[in-house]
Amino acid sequence: MVKIDQIELGKFPLLLAPMEDVSDPPFRAVCKEGGADLMYTEFISSEGLIRDAAKSLQKLDIFEYERPIGIQLFGGDIDNMVESARIATRVNPDLIDINYGCPVKAVACRGAGAALLQDIPKMVKMTAEIVKCTHLPVTVKTRLGWDDATRNIVEVAERLQDIGIKALTVHGRTRVQMYKGDADWTLIGKIKENQRMHIPIFGNGDIDSPAKALEYKNRYGVDGVMIGRASIGYPWIFSEIKNFVERGELISPPTIGERVRVTRKHLDFSMKWKAGRLGIFEMRRHYSNYFKGLPDFKPFRTRLVESDSYDEIIEILEEVSGFYAEIAA
Ligand SMILES: Cc1cc2nc3c(=O)[nH]c(=O)nc-3n(C[C@H](O)[C@H](O)[C@H](O)COP(=O)(O)O)c2cc1C
């Protein structure tokens with residue numbers, strides 16, 4: 001049984017990655033149903049939270065059925081990170097996660113996210129202060145290092161464990177790599193080989209199939225995997241991986257009816273969550289993912305993303321259901 005402090009996560013937990021503008025409550029609802037064992041909010045700016053910025057505050061909204069769920073924070077100033085961790089603690093998530101991995105300029109060039117990989121003493125101090133200020137378990141998500149010359153995650157993992165984090169997720173790329181090239185899990189495996197490590201280590205980067213998840217589990221010995229991009233429009237990835245890892249079974253891909261049902265669920269929640277039309281707009285980026293691989297889907301997609309009317313979108317989805325059911329038959 002893998003545990004983060006007292007949180008029991010099963011034998012080989014599958015984590016939904018924090019993803020800005022993706023991992024909101026509507027998306028999390030479909031991933032929870034899809035079988036994610038632990039989920040995170042999108043990253044939340046510590047400065048934004050302290051300023052009461054509405055967008056940051058809305059990201060704190062979590063629901064009972066989502067548990068266990070972590071709130072992810074980022075920032076470059078230790079006092080602000082501590083203050084924002086106190087604010088997040090009041091919302092009562094199951095854990096607080098610190099982002100030391102975000103590579104984008106707007107974050108890393110302001111001393112936050114992956115920038116802390118260039119200043120390990122500050123990263124350690126920031127983490128220690130956050131661990132002290134909250135009764136909740138604190139976890140960290142980071143990368144292998146800043147660049148190829150500083151792939152120091154094995155040492156960093158030990159130092160973070162020593163000051164009290166309860167789990168670590170490592171994305172197998174450096175900051176300089178951004179999202180390019182293949183993720184390299186070799187050092188993640190090395191963390192697991194370190195006899196001193198006892199907290200759960202989760203691997204992240206490029207998991208997109210049951211076979212790959214099992215292969216990486218066996219090869220690198222990780223306690224679980226975190227899945228990001230492969231879950232967008234395909235929340236079935238969690239149950240597919242779980243069935244394969246636990247029972248060696250490959251379950252059939254979702255039927256068209258199932259794809260439409262889950263797309264509708266996502267849309268309906270988006271409408272509630274984003275108050276109407278904004279929910280319609282936000283769903284537009286998801287349709288092609290939900291229906292990936294279907295032949296000649298483009299005209300349907302064009303109509304779905306051009307419509308401003310909920311009723312019309314539902315009608316188009318029903319058409320999609322009928323059209324592809326016939327093709328499959
Ligand atoms: C659209 C998008 C937004 C992301 N936002 C965050 C974020 O808010 N916090 C974070 O720690 N990582 C973020 N990431 C990185 C992912 O959590 C994950 O580490 C990365 O996508 C690699 O995993 P994957 O190959 O399974 O997608 C984001 C990635 C994407 C694609």
Selected residue (only one of Tyr65, Tyr100 is aromatic (Phe, Trp, Tyr) and within 13 Å of the ligand (Cβ to nearest atom)): Tyr100
Positions within region 193-214 being within 15 Å of the ligand (Cβ to nearest atom) and not small (Gly, Ala, Ser), in sequence order: Ile201, Phe202, Asn204, Asp206, Ile207, Asp208, Pro210, Lys212
Spans of helices (runs of 4 or more DSSP H) in region 233-312 with at least 2 residues within 21 Å of the chain's Cα centre (by Cα) and modelled with pLDDT of 95 or more: 237-247, 256-273, 287-290
Enumeration of residues in region 115-164 that are within 20 Å of Ile69 (Cβ to Cβ), crowded, with 23+ Cβ neighbours inside 10 Å and aliphatic (A, V, I, L, M): Ile130, Val138, Val140
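Residue-by-condition table, conditions (1) in contact (Cβ under 8 Å) with a residue 40 or more places away in the chain; (2) surrounded by 13 or more Cβ atoms within 10 Å (Cβ to Cβ):
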{"position": "Val262", "(1), (2)": "yes, yes"}
{"position": "Lys265", "(1), (2)": "yes, yes"}
{"position": "Arg277", "(1), (2)": "no, no"}
{"position": "His286", "(1), (2)": "yes, yes"}
{"position": "Lys292", "(1), (2)": "yes, no"}
Considering residues of region 23-52 that are among the hydroxyl-bearing types (Ser, Thr, Tyr) and open to solvent by less than 10 Å² (accessible area, probe 1.4 Å) only, the residue farthest from the ligand (Cβ to nearest atom): Ser46
Enumeration of residues in region 165-192 that are of a type in the set (Ser, Thr, Tyr), within 12 Å of the ligand (Cβ to nearest atom) and open to solvent by less than 10 Å² (accessible area, probe 1.4 Å): Thr169
Candidates Lys55, Lys11, Lys3, filtered to the one that is within 30 Å of Glu258 (Cα to Cα), out of contact with any Cys (no Cβ under 9 Å at 6 or more places or on another chain), open to solvent by 30 Å² or more (accessible area, probe 1.4 Å) and not β-branched (Val, Ile, Thr): Lys11
Near pairs, Cβ below 7 angstrom, 6+ apart or cross-chain, from region 195-209 (more than 16 Å from Ala17 (Cβ to Cβ)) to any residue that is part of a loop (DSSP other than H, G, I, E, B) and more than 16 Å from the ligand (Cβ to nearest atom): Ile199/Lys166
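The values are calculated or read from the model by the stated rules, or taken from the named source; none is laboratory data. Given the structure is predicted, the values throughout are model-derived calculations rather than measurements. All Cβ positions, glycine included, derive from the backbone under ideal geometry; neighbour counts span all protein chains shown. The protein model used for the area step is the full one, side chains on, heavy atoms only, and it has no ligands, DNA or RNA in it. Shrake-Rupley method; radii C 1.70, N 1.55, O 1.52, S 1.80 Å.
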